Structures are given as C-alpha cells and as structure tokens.
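So the structure is just underneath, and the comments pick up after that.
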Amino acid sequence: MFSRRGFLGTAALVGASAVQGRVQAASIPEAAHMDKVVMQPPLHPNSGPDYRPVVTLNGWSLPFRMNGDWKEFHLVAEPVVREFAEGMKVNLWGYNGQSPGPTIEAVEGDKVRIFVTNRLPEYTTVHWHGMIIPSGMDGVGGLTQPHIQPGKTFVYEFEMRKSGTFMYHPHSDEMVQMAMGMMGMVVVHPRDPGFRPVDRDFVFVMSTYRVDPGTYLPQVNEMTDFNMWTWNARVFPGIDPLPVRLGDRVRVRIGNLSMTNHPIHLHGHSFAVTCTDGGWIPESAQYPETTTDVPVGAVRVFDVLADNPGDWAFHCHKSHHTMNAMGHAVRNLIGVSRKDLAKAVGKLAPDGMAMGSTGMAMGNMEMPAPDNTLPMMTGTGQFGPIEMGGMFTVMKIREDLARDDYRDPGPYQFPKGTVAYEVTPPAAEPARQQPGKPTHKMKM
Ligand SMILES: [Cu+2]
C-alpha cells in the first residue's frame, strides 16, 4: 500500500504553486496498489469535507491526497490477474492491481485532479460516465483528447458538480478494453451530509466475459454468448456477502458495463430506486420494487430499510446469469425416460451418460472439469448445495453487527420453528371431484 505521511509531505511542498492549472511531473502522486480480492474497509476521509464512505464488493476505494484545494488521485491502467472465484484466475486489464479499478470517492463541489498512467501495451483514455464536466475532460480518444500512449501520464481536472453514482471506463479501443475489464465506479457524496443519509452503502459494477473452459483470457470479440456473469469481476461463491445490521438504512449502487440488461432482485424486502447516473430521483417519483432492471451503460441505486433479519438471496433474475460456464448445447431431457435413452445412447456411445431427465439438480455430484474452470453451479449453504454461480450473493441481516463491521457473519441462526419443514407422515393426495378424471373436458 502507500504511505500517507509521504503523501502529505509532497502535498505541502507543491501545494502553493500547483493550485492553478497545469501540474508538474514531479508532483504526480504515488499510485496505490491492491493485491486483495475481498471487500476493503470503508476509507474514511482524513481531510476535506466529511462523508460516510462506501464499501465496494470485492474491491476498494482509491486513496487521495489534498494538494491545495484539489483532491488528487492516481489511476494506473495495467494488465492484472483477477480471481473470479477460488479455482479460476483470468488475465484482464484493469487499474492499480485489480479489475475493476478502485472506486473513486469525492464530495459534491470538490475539485479533483485524476492522473492516469498507461502501462498497457496500447493507448487508452478514461471517460467519466454520467458526470457533468468540461468537454475536454470527457475522455473520448480522438474527439476530446489525444489517446494516452503506453508509458504516458495524462491528468483530468474538473469539479464534481453534482452528487451521485457514476462510472469510469476507456473511450479508446473500447470493445477490447471493456471486454478486458477496464472499468470502475465513481461515488460523489452530497455536500450536505443530511441529504438522504444511510448507514451502509455498497457499490459494484456488473461486467461479463467469455472465457472458454480451460483458458485464461476473455474472448474480446464476443458480443452475445458470454459465460461469466460478474459483479466486480467475481462470480458466486466468490462474491462478498452484504453484511447489514438489523434496522440499518442500506444503499446499494449498481453499475452495468456489460452487454445486456440485468434485473437485480433482493429477497425479503421492498426497496425504492433513489438515484441513477442521471441524478437523484425525487421522493414523489419513487415506488416500491423488489427487482430493478439495470440497463446497459447505466447506474441504478436503491435504498432499503433492512428490517427483516436473515440470509436474503440477492441476484440477477436471468437464471442463466446465476450460472458459470455451461454447455449451451445441452438438450432439455426433462421427462425423457432415462432407461430408454440410455439404451439408445449405449448403442452409439458405450461410455455415454444420460442425465437431466428429472432436471439438472446435481446435489453433491462432482464432474471433472478442465483446469481454471468453475462448476456451472456451486456453493453450499447450511442446508445443502445452493447450485448457483455468476451474479448471486447474500444480504446477511443480523441484530448483533457493529456499526462499521463488514465481516461475513456466517450462516443465519434461524429461530426455532421458522424454517420450512417436511411433514411426516406425508399428507394424503388432495381430494378431487372425480378421482382419476379431469374436472372438465379440454379441447385439443
Ligand atoms: Cu443478468
């Protein structure tokens, strides 16, 4: 990590002369680096206006230094290795050691100076998605600035004119650079700490990859047939849970830089979408939801009162997006007699195995997979296999969490008598009007 004392020393030396306009190369701040894939504790500001910081699922916030009245950040675009979940690592491009890059946090009205150093093998830029900034700071290579060549450092300077949730990504060989994981989130806190305050504030960005089983590199030309559906370039069971204290007001900020929409669903509660990348939604325009669709190239933020303790599934509602790499060519064999099929297949392929005739629940069955490949559905809960992958995690609402404690509290201790249960002996067949006959004739 970095040394904050070194930062302040540098800031004191250059602070007086660099407030206006162009900075000198000597004053480029140190670039912080992250080598962990688990959620880092919230980064409380030690200078500038106060705010309640966010936490990033499987991520972190970028430290900054004050230089006069400018807040200075340093992003380094570079190749990284990202673990999607235990057992699978992917060669991506990202920022400061990880993909996605760190969350950038600031306060409405802040003047920010964001240094971008390019350590990629090709040129890049950074576009600040959703932010109201001067055109020359918009980061569209060729249109608003020259591309940042490998080895070069550019600086973006602008004022954070409005609070809200935004994204950053290249506008330079975009198809490749975004398919390689170059993206991150920007959170601008309201200057008035009393504006819609919450107790816990989570942020993540959704992205998708096509990583063929047994390989380590995404197919950057893929347009539709992705097989890794990620939140902050992690898949279940690798995605951090959202630990929440019972009664907390919770905000979840979700960006979508994938190639399709994701209907995001939280169990056990209703929430209101309170903010998009366009700004805050007036209270009079909010309504209760349990699922919100996050379109491509957009941000949706919801606020929820965590008043229902338990382990609550939180996931994309496209069921293929809660799977890891799978064989799309597998036929639906539900209802096909396994015995007849096995006989027929046996003649053609003596080692063949017919499966799927009663569904695809796999229980504890394990199948061999190529190296660096996750099971299609996986994960285990206190009652057995969860059989999920991709965009799935759990909001864990507990009575006994401390205020800033984001550690995984483990499985929920269900109060006695509150879990769905098997009846013994089994209930009798429900009564019908005429046993064995349909109640009315169907026209075929
Ligand atoms: Cu989805």
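The values are calculated or read from the model by the stated rules, or taken from the named source; none is laboratory data. Since the structure is predicted, the reported quantities are computational estimates derived from the model, not experimental observations. FYI the Cβ positions are ideal-geometry reconstructions off the backbone, even for glycines, and counts take in every protein chain you see.
Being assigned to a loop (DSSP other than H, G, I, E, B) and either touching a strand residue (DSSP E or B) at 6+ places or on another chain (Cβ under 7 Å) or closer than 26 Å to ASP248 by Cβ (or both) is the filter here, so list the residues in segment 298-323 that pass it. Within segment 298-323, ALA306, ASP307, ASN308, PRO309, HIS317, LYS318 qualify.
Based on what the data block shows, is PRO102 crowded, with 17+ Cβ neighbours inside 10 Å and modelled with pLDDT of 95 or more?
Yes.
Of GLY136, GLY151, GLY194, which residue is assigned to a loop (DSSP other than H, G, I, E, B), farther than 16 Å from PRO102 by Cα and without any contact (Cβ under 8 Å) to a residue 24 or more places away in the chain? Only one candidate qualifies: GLY194.
Considering segment 389-402, the residues that are part of a loop (DSSP other than H, G, I, E, B) and either touching a helix residue (DSSP H, G or I) at 6+ places or on another chain (Cβ under 8 Å) or closer than 20 Å to ILE264 by Cβ (or both) include one that is nearest to the ligand (Cβ to nearest atom), namely MET391. Based on what the data block shows, is PHE302 more than 12 Å from the ligand (Cβ to nearest atom), buried (at least 19 other Cβ atoms within 10 Å of the Cβ), without any contact (Cβ under 8 Å) to a residue 60 or more places away in the chain and not basic (Lys, Arg)? In short, yes. Put simply, of GLY279, GLY268, GLY247 the only residue that is over 19 Å from SER163 (Cβ atoms) and exposed (fewer than 15 other Cβ atoms within 10 Å of the Cβ) is GLY247. Look at segment 261-284: where a residue is in contact (Cβ under 8 Å) with a residue 40 or more places away in the chain and a partner is within 16 Å of the ligand (Cβ to nearest atom) and outside any strand (DSSP E or B), sitting 6+ places away or on another chain with Cβ atoms under 6 Å, you get PRO263/HIS317; HIS265/HIS317.
Within the bounds of segment 192-205, is there any residue that is closer than 30 Å to ARG249 by Cα, within 16 Å of the ligand (Cβ to nearest atom) and surrounded by 15 or more Cβ atoms within 10 Å (Cβ to Cβ)? Write out each step before concluding.
Keep residues of segment 192-205 that are closer than 30 Å to ARG249 by Cα, which gives 192-205.
Subsequent filtering for residues that are within 16 Å of the ligand (Cβ to nearest atom) retains 204-205.
Okay, now just the ones that are also surrounded by 15 or more Cβ atoms within 10 Å (Cβ to Cβ), so 204-205.
Checked segment 192-205: at least one residue is closer than 30 Å to ARG249 by Cα, within 16 Å of the ligand (Cβ to nearest atom) and surrounded by 15 or more Cβ atoms within 10 Å (Cβ to Cβ).
Are any residues in segment 180-197 at pLDDT below 95 and among the small types (Gly, Ala, Ser), and if so, which ones? Across segment 180-197, the qualifying residue is only GLY194. The single condition among (1) in contact with a strand residue (DSSP E or B) (Cβ under 9 Å, 6 or more places away or on another chain); (2) touching a residue at least 24 places away in the same chain (Cβ under 8 Å) that GLU122 does not meet is (1).
Determine whether LYS111 is more than 27 Å from TRP229 (Cα to Cα) and out of contact with any Phe, Trp or Tyr (no Cβ under 6 Å at 6 or more places or on another chain).
For LYS111, the condition - more than 27 Å from TRP229 (Cα to Cα) and out of contact with any Phe, Trp or Tyr (no Cβ under 6 Å at 6 or more places or on another chain) - is not met.
Among strands (runs of 3 or more DSSP E) entirely within segment 216-270, having at least 3 residues that are within 12 Å of the ligand (Cβ to nearest atom) singles out 228-231, 262-266. Would a scan of segment 403-418 turn up a residue that is assigned to a strand (DSSP E or B) and modelled with pLDDT under 90? No, segment 403-418 contains no residue that is assigned to a strand (DSSP E or B) and modelled with pLDDT under 90. Taking segment 116-156 as the range and being hydroxyl-bearing (Ser, Thr, Tyr) and crowded, with 18+ Cβ neighbours inside 10 Å as the test, the residues that pass are THR117, TYR123, THR124, THR125, TYR156.
Out of the residues in segment 366-377 that are modelled with pLDDT under 85 and more than 20 Å from SER207 (Cβ to Cβ), which is nearest to the ligand (Cβ to nearest atom)? Selected residue: MET377.
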